[in-house]
Amino acid sequence: MSSSAGKTNSRAIVSLVLSLASPALASLFFLGVGLFGLIALPLAVPFSLAGAVVGHSALRRIKETGQPGRGIALAGVILGWVFILPLGVAAMFSLAFLTPGW
């Protein structure tokens, strides 16, 4: 299937941005950037998941319309799913050790 000339699929761009934002948020936690650092790690997991889901949606739309952006959407999906496991494990351990009574 040839890609038609036009604007890159916006969902593909959003997918990549969300997927790349997740490790950036996690790094704020590990760098210890104040109160936002504590909130950043639990937020990183949903950002990664959202990046993967929006990327799948973008791939479906790109297949239907022939818009450009398949590579960007694919990168968003792959990075989203790759970042979920380590971020999820880190979030669980961090929250467990930060919770009083452990």
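Any read-out appearing in this document is the output of simple, stated calculations on the displayed coordinates, not a laboratory observation. These numbers come from a predicted model, not from an experiment.
Couple of notes before you dig in:
- 0 to 90° range, to nearest 10: angle between helix 70-98 axis and the chain longest Cα axis: 10
- Helix 10-31 axis, angle to the chain major axis (alpha carbon atoms, nearest 10°): 20
- Along principal axes, Cα extents of the stretch 10-98, largest first, whole Å: 48, 19, 13
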